[in-house]
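Okay, structure first, notes after.
The values are calculated or read from the model by the stated rules, or taken from the named source; none is laboratory data. Source: prediction; values computed, not measured. Methodologically, a virtual Cβ is constructed for each residue, glycine included, from the backbone with ideal geometry; neighbour enumeration extends over all protein chains shown. Protein only, heavy atoms only, side chains kept; ligands, DNA and RNA dropped before computing areas. Shrake-Rupley method; radii C 1.70, N 1.55, O 1.52, S 1.80 Å.
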Amino acid sequence: MRGARSAKFAASAIVVVMAATACGGSGDGGSSSGEADPDGVLSVENGEPQNPLQPANVKEQYGSQIIKAVFSQLVKYENGTGKLQMENAESVESKDNKTWTIKLKPGWTFHNGEKVTAKSYVDAWNWGANIDNNQTNSSWFADIKGFEDVHPEKGDPKSKKMSGLKVVDDNTFTVELNSSNPTFSYKLGYDVWSPLPSVFYKDPKAAGKKPIGNGPYKLDKWENKKFIKVSRYDKYKGSDKPKNGGIEFKNYTSLETAYADLRSGNLDIVRQISPKDLPKYHSDLGDRAIDKPYNATQIINFAFYTDQWKDIDPKVKQGLSMAIDRETITKTVLQGSREPSTGFVPAGVRGYQKDACGKYCKYNAKEANKLIKEGGGVPGKKIYIQYNADQGHKEWVEAVCNSIRKATKIECLTDSKPDFQADTKARDAKQVKSMFRGGWVQDYPLNMNFMTDLYRTGVAGNTGDYSNKKFDALTKEADSADTVDEVVKAYQKAEKVLVEDMPGIPLWDYKANTGHSEKVDNVKIDDEGNPIYTGITVTK
């Protein structure tokens, strides 16, 4: 997504129950025989969003949970296949991949009763792109003609509207891009493209506190660092009408505490089981424990704005990658719940290439030392890995550092931030000392999302300030291919450039390790690792 929406994670150092944690991979939770209450409210483990809940200003998982509940997009993706499906859009079409015509399904409304129209989208995209509004994901609109007029590199914007957006009628608008791009329709399932009601512009700050969307749930209350409550929107026109009355997203700073609340009946869903509880949650929960692969990857990224990594020889980064024993860490510390990465794209995404990273993602201490020496060594002979302490990253970050230290004798230290909000703020403020934990969950199910939205110069997700002219040129050329298949193939070539330069170190692909209470049924996990909330039923 999303700029840099970071993936959630869990870890444990206990090895003896590996076989237990490896089972139960259907992705469906157990069911009870209780009668469903259509107005029942379920509770879910979450945390404090980093930014106000304006769709173009959310690029992390806590805020994204709420945005996805409150807003629906023009398109969505079929779970399991990634197939493009229409949602608020009746059709998204183009004859030349440059000028797109979007027709809306009539009858959709915002939670305040206002009609969702073509203008609702055009005004929202213009506002989100405008540099004066300081939206973290504004770069997502850069493909649209006239973006540079509302978001110049220097100076004030020349206009408040992008010339490429035109309202045709209430249910139709056109989008002209700077160049042809056959994948544009795929991007439209991401949160940043949400429509906004007219009342938003009267007080955007207030709207960020209590957003009014067009989605299956409406936001009722946000009590900072405690909870966010949403309730079912009965006039919702989407295909995924809620089978429950609402959701309480409860703020936790400890996954262990969340799991304890789950076991005691004070919480219904823990999206990611805590590090200490991962070895035992199958035996604790039985068929209410869920393991399901999803399209996300764990990475360690370099802060290229620091003196340490500025103009560094790629061999040093490749050597550090080879100093990490992914196989052992995923089998022991992570209980077999992760799959070692073999490239920058996870296995479930269209365009995945097995072994794209080749030898550089395989442990080899001798070769690691050789590459690091040939590259001139690590400046300062000491590295730090920044991470957030509230989501179970401590154990595996320490294991990665231990692996690097053992293989190369380079001093590797962990740099813990108290929570995800503090971690992302440090990244955005360019305050990372050396390296930082990165995670990326798909915004749309194409390989380009795991490359161009993370490593192209200037994009929102590129918080490490990586820049490679060859990669930029290849990706821009790839974007203008004639078909989606051709774009995907061109990005497979671009992935080779990333392997050559190693802007980040791929570690492993994810599984959702989720648990739920006896109170809820029909808990399924989507391709982004999230519970499909609308399908969950609450027993009476």
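Out of the stretch 62-78, which residues are touching a residue at least 40 places away in the same chain (Cβ under 8 Å) and out of contact with any strand residue (DSSP E or B) (no Cβ under 8 Å at 6 or more places or on another chain)?
Those that are touching a residue at least 40 places away in the same chain (Cβ under 8 Å) and out of contact with any strand residue (DSSP E or B) (no Cβ under 8 Å at 6 or more places or on another chain): Ser64, Ile67, Lys68, Phe71, Ser72, Gln73.
Mind listing whichever residues of the stretch 500-522 are more than 21 Å from the chain's Cα centre (by Cα) and either within 17 Å of Ile269 (Cβ to Cβ) or free of Cβ contacts under 8 Å to residues at least 40 places away in the same chain (or both)?
Correct list: His516, Ser517, Glu518, Lys519, Val520, Asp521, Asn522.
Please verify whether Pro340 is in contact with a helix residue (DSSP H, G or I) (Cβ under 7 Å, 6 or more places away or on another chain) and either open to solvent by 30 Å² or more (accessible area, probe 1.4 Å) or modelled with pLDDT of 95 or more (or both), treating the condition exactly as stated.
Against the criterion (in contact with a helix residue (DSSP H, G or I) (Cβ under 7 Å, 6 or more places away or on another chain) and either open to solvent by 30 Å² or more (accessible area, probe 1.4 Å) or modelled with pLDDT of 95 or more (or both)), Pro340 qualifies.
Somewhere in the stretch 75-84, is a residue in contact with a helix residue (DSSP H, G or I) (Cβ under 7 Å, 6 or more places away or on another chain), in a loop (DSSP other than H, G, I, E, B) and open to solvent by less than 20 Å² (accessible area, probe 1.4 Å)?
No - not one qualifying residue is present in the stretch 75-84.
Name the residue, out of Ser138, Ser179, Ser185, Ser194, that is open to solvent by 20 Å² or more (accessible area, probe 1.4 Å) and among the hydroxyl-bearing types (Ser, Thr, Tyr).
Checking each option against the conditions leaves just Ser179.
Within the stretch 202-213, identify whether any single residue is closer than 30 Å to Asp96 by Cβ and touching a Pro at 6+ places or on another chain (Cβ under 7 Å), and answer yes or no.
Checking the stretch 202-213: not a single residue is closer than 30 Å to Asp96 by Cβ and touching a Pro at 6+ places or on another chain (Cβ under 7 Å).
Please work out which one of (1) out of contact with any Asp or Glu (no Cβ under 7 Å at 6 or more places or on another chain); (2) in contact (Cβ under 8 Å) with a residue 12 or more places away in the chain; (3) closer than 26 Å to Arg232 by Cα; (4) surrounded by fewer than 19 Cβ atoms within 10 Å (Cβ to Cβ) is the condition Ser120 fails and give its number.
(4)
Only one of these is closer than 17 Å to Tyr217 by Cα, touching a Phe, Trp or Tyr at 6+ places or on another chain (Cβ under 6 Å) and not small (Gly, Ala, Ser): Val122, Val116. Name it.
Exactly one residue qualifies, and that residue is Val116.
Do the conditions hold for Ala494, that is, is it under 26 Å from Tyr294 (Cα atoms) and free of Cβ contacts under 8 Å to residues at least 40 places away in the same chain?
No; evaluated as a whole, the condition is false for this residue.
Would you confirm, using the coordinates I've provided, whether Lys225 is open to solvent by 20 Å² or more (accessible area, probe 1.4 Å), in a loop (DSSP other than H, G, I, E, B) and in contact with a helix residue (DSSP H, G or I) (Cβ under 8 Å, 6 or more places away or on another chain)?
no
Considering Ala490, Ala478, which residue is open to solvent by 10 Å² or more (accessible area, probe 1.4 Å) and in a helix (DSSP H, G or I)?
Exactly one residue qualifies, and that residue is Ala490.
So, restricting to helices (runs of 4 or more DSSP H) that lie completely within the stretch 280-383, which ones have at least 1 residues that are on the phi < 0 side of the Ramachandran plot and β-branched (Val, Ile, Thr)?
Here the list reads 314-322, 326-331, 365-374.
Could you please find all residues in the stretch 338-360 being in contact with a strand residue (DSSP E or B) (Cβ under 6 Å, 6 or more places away or on another chain) and β-branched (Val, Ile, Thr)?
Within the stretch 338-360, just Val349 meets the criteria.
Looking at Glu500, Glu495, can you tell me which residue is within 30 Å of Val400 (Cβ to Cβ), acidic (Asp, Glu), at pLDDT 95 or above and open to solvent by less than 20 Å² (accessible area, probe 1.4 Å)?
After ruling out the rest, the residue left standing is Glu495.
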